[in-house]
Structure formats: structure tokens, C-alpha cells
1. Take the conditions part of a strand (DSSP E or B) and under 25 Å from Ile359 (Cα atoms) and apply them to Leu303. Does it pass?
2. Would you pick out the residues in region 337-362 that are among the hydrophobic types (A, V, I, L, M, F, W, C) and open to solvent by 50 Å² or more (accessible area, probe 1.4 Å)?
3. Within region 64-81, restricting attention to residues that are touching a Phe, Trp or Tyr at 6+ places or on another chain (Cβ under 7 Å) and open to solvent by less than 30 Å² (accessible area, probe 1.4 Å), which residue is nearest to Gln104 (Cα to Cα)?
4. Conditions: (1) open to solvent by 40 Å² or more (accessible area, probe 1.4 Å); (2) assigned to a loop (DSSP other than H, G, I, E, B). Val52 meets all but one. Number of the miss?
5. Between residues in region 308-331 that are surrounded by fewer than 10 Cβ atoms within 10 Å (Cβ to Cβ) and residues that are assigned to a loop (DSSP other than H, G, I, E, B) and modelled with pLDDT under 95, which pairs lie under 9 Å by C-beta distance while being six or more apart or on different chains?
6. Condition test on Lys106, is it modelled with pLDDT under 85 and not acidic (Asp, Glu)?
7. If you go through region 93-107 one residue at a time, how many are in a loop (DSSP other than H, G, I, E, B), open to solvent by 50 Å² or more (accessible area, probe 1.4 Å) and either of a type in the set (A, V, I, L, M) or in contact with a strand residue (DSSP E or B) (Cβ under 9 Å, 6 or more places away or on another chain) (or both)?
8. Of everything in region 215-254 that's touching a strand residue (DSSP E or B) at 6+ places or on another chain (Cβ under 7 Å) and among the β-branched types (Val, Ile, Thr), which residue is least open to solvent (accessible area, probe 1.4 Å)?
Amino acid sequence: MSMQNLLEKLFSEGNCLTYDWYFSARRKAEQMCKQFKAENPHGICFVQNSKVTVPLFKHTDFQYFSNGALVIYMPPHRAEEVIKKARKFLASHGCEIKYVYAPQDKEEWRDYFKLLIDIHDKTKKLSINDEDLMLCAFNTPEEFADYCFKDNNVLLTASKEENFNPKYRRMLALFGNGLYIIDEQYKHGDSFYGDVEVAFFENRICEYPIMRAIYVPQIYLRALYKRAEQYNWYISPEKAEERLPQITASELETIGKYTDDILPNRSCISILTPRITYNDILLDPILTSPDYHRYVLFDDGKLVLSQKYYCDEMKQKHLLEDLKRSFPHLKFAVEQVSDYCVDYLYREIYKRQKSARDIYLEMMRQKALLISDVFGVPIVLAQDAAAQFAGWHSWENIQTVTVIHARHLIAKQQELDIRAEKNGYKNDVIYNATAYFELLKAQNIPYENAQSVYAQLKANSAKAKHQ
């Protein structure tokens, strides 16, 4: 049977229950959530489609149809593992696998991969009825925890049966039934910049079927891990840390000597993410992220790579090509080291140079001073406005930023600065003056002061094009 015939057969005999419907109904879903948040500022909500049982985050994992048909693209030697995980995942949602469509040999792999892409493309065109959309709303962290743990659902990122780095608990939670919860601090958007650590996590858990992320405040995420302590599968962060691969004293001594040899007379230029510019546009920082790609680059071209992630020569070639676009005049001298050595090098570098965290905090302090000066408001109000524009709840929360998150936030600020400059503005505060003004107004600026601020806003916006 041809792939085209199989595609038609799948849709004629059943409905796809795992496709991601959100983009087709995004506007309506956002309206529903916006209305709920206006009435319940401390609650959270998300929208479900009653016709789609378990929408998957990655449409190339597999797809499942209402007649029990499962489609995967893995070759025979990996099919059993994928089917086993899919069966367990679907069973937690009351679904049973009756038929499996998978490649019979390596030659068919590309055909089935394309079939999954075709299924995704076909489902993107399906119409979504408003009456099929259901609002799931929760007013307290406890209510949300009840929902997540119902039917004995296991929190995989806190389970002793798994082996997840406990550092991820501060930013996300992954459940056995595919529920995927992320701290709203790491949500992608115009004023929220996401985080490379989340991207790194998602790239490494391709064997776990996961649903579209639900973004929640930190208090809701903490409630999930607090509730998990009640179960016998729970493992504490300390115990989980102990189970991670440990470096030996001998290895530590070797890395220490290597660091002492390599650091003198060199300056690290990957403290901030190197950027690729194309036609005056900065490309996605993930392309050259030293965190995502696990490397250290020095000003003389010395490039230290993680052995663990660069056993593939093609992967190394792609990184070198991207770094060459960032530093066209640099000649690279590549050396591979243990993965732990990359982290160790950065820790030692931060004793000699400012870290991305230090740079980000200073950048935000300067931005707050600029907001205070531009709008004529007290520094305390300006600090919170600066923080909230960047996606933080308050100025105090900024202090929790990690080096990795700071590196990514700085990269996004660079893009914002370029947009402001290209539009003729002196800085991004004036470029985004309306947004800052609204944030300041929300802090209950006295009416007289608000009028003054608005007048200042108009004056600065008018001058921006001439500066």
C-alpha cells in the first residue's frame, strides 16, 4: 500500500486523537483564558479540545487514531520500545492500540517519517468548532495538584524509577500521562523569552510522549513537587543528585590541571552567546548557545567541546560552521573533553570574568535607571516595570536568574535593541514606551504623576526619530 493510500485509509477509518489542534483555535483559546484571568487573577487555566484526547507536543513521535491505529516511524529494532511507551501513555487516557503501522526495514523509515508529517499537515487544516473547546480552570495550587495526580499519575521528574536531573524541578514537571507543566517564567512570547534549559530538556526526552505545555506560576509548580512527597515513588532532590554520574577524585585532579593550563592568557568569548547576523537580523541564539551545544570558546580560537555531545562529526561540523559565521576571522583549535569539564571550566572562568548573570543584573539595573529618567518616576516603580516587561513578577524575582537563563535573556535583549535602532529609536525603553507606561500605570501612579509621565512619553517618542 502506498503512503498516500495509507494516509487516506487512516483518516477514512478514524479520527486523529493526538494532533496538536491549538494553532487552529489559538485566538479563541486565548480569549477564553483572558476572560478567566480577568475574573480570577490568581487562578490558572488552559483550553482542551473535546475531540482530541491527547494532543502531542511533538507530532513526529507517533500519531493515534480513534479506531486504534498507531503510526510510528521508528525502524524494527526500535519499534518495540516506542510501541511499549505509546501503549502505556495511551492506556492512561483510556485508549487501546489495535493496529500498528510502522516501517518494516530501514528503507521504509523515510516514508513513514514523511507520513507523520503528512498527518500533521492534514490535521492543521481541520476546522475547530468553538463548542468543542473546554476551559480547564483552577483557582488554587491544590486544585491543580488534584487534577495532575488523579488516577495515580506519576510525576516522572520526581520519581525514583527515572533518572532526571533535579535542577529541572525549579522550571518544569513531566507526568507519566504526558502532562507537561512549565513555570510561566520560561514561556515564549514577545516579552517572555523562554529558556535554553527547557529546550535542552525537551531535546533529551524524545522517548517520552508529552502533551502541549501548560504554563503556571512558580507557586503552582512547587505545589506539585510538595504533593509528590506523599507517594512511595518519590525521590528527594538530594537523593536524585546522588544518583547522577559522579566525577572521581582522579578525574577532578586531571580537570583541575587542564584548567590551570588552558585559562591563563586567554579570555572566554562564549560567556555571552555568540550571535549570527544575517541581513541585519540576529538569528536564533539556540544555533550558537554554549549551553545547548556544550562548548567553551576563547578569544584565540581555542574551542573546547563536550566529548559526550560531539561523538558525531557532522554535529561538530555544523557548530563550527555557525561559529565561523559569528567570528569569520577566528581560526578554531578544537579539543574534546569530558562533559563535566565544560561546566568546571565555566566555573573557573567566572572567577576571572563577569558571568552572564552578573552582566544581566547590571543591564537590568541600568534599564531601571533609564525608565526612571525617561518617565520621571521613582526608581522602585521603574525597577518593577523593567522586571515585568522582561517577564518577571517583580524586581525581587530577578535575583533568582541563573547563568544559563541570563545568557539567553541577554541574547533576546540584543534583538530588541536592534529592532529599536532599526526603527530609529535611541533605546528600547523609548521604542516600547507605551508598554512601559501601561506597566507603570498598573502600579497605581497618582493621577497627577500619570499625566506628567504621559506627557514625557509623548515628548520622548517625538524626539526619538531625530536622535
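1. Working: part of a strand (DSSP E or B): yes; under 25 Å from Ile359 (Cα atoms): yes.
The answer is yes for Leu303.
2. Of region 337-362, the ones among the hydrophobic types (A, V, I, L, M, F, W, C) are 337, 341-342, 345, 349, 356, 359, 361.
Selection gives Ile359 alone.
3. Filtering region 64-81 for residues touching a Phe, Trp or Tyr at 6+ places or on another chain (Cβ under 7 Å) gives 68-73, 75.
Imposing the further condition that a residue be open to solvent by less than 30 Å² (accessible area, probe 1.4 Å) reduces the set to 68-72, 75.
Values: Gly68: 20, Ala69: 16, Leu70: 15, Val71: 12, Ile72: 11, Pro75: 7 Å.
By that ranking, first place goes to Pro75.
4. Among (1) open to solvent by 40 Å² or more (accessible area, probe 1.4 Å); (2) assigned to a loop (DSSP other than H, G, I, E, B), Val52 violates only (1).
5. Close Cβ pairs (under 9 Å, with a partner that is assigned to a loop (DSSP other than H, G, I, E, B) and modelled with pLDDT under 95) do not exist here.
6. Working: modelled with pLDDT under 85: yes; not acidic (Asp, Glu): yes.
Criteria met by Lys106.
7. The number of residues fulfilling the criteria is 1.
8. Val216
The values are calculated or read from the model by the stated rules, or taken from the named source; none is laboratory data. These figures come from a predicted structure and were not determined experimentally. So basically every Cβ, Gly included, is an ideal-geometry build from the backbone, and we count neighbours across all protein chains shown. All accessible areas refer to the heavy atoms of the entire protein, side chains included, with ligands and DNA or RNA removed. Shrake-Rupley method; radii C 1.70, N 1.55, O 1.52, S 1.80 Å.
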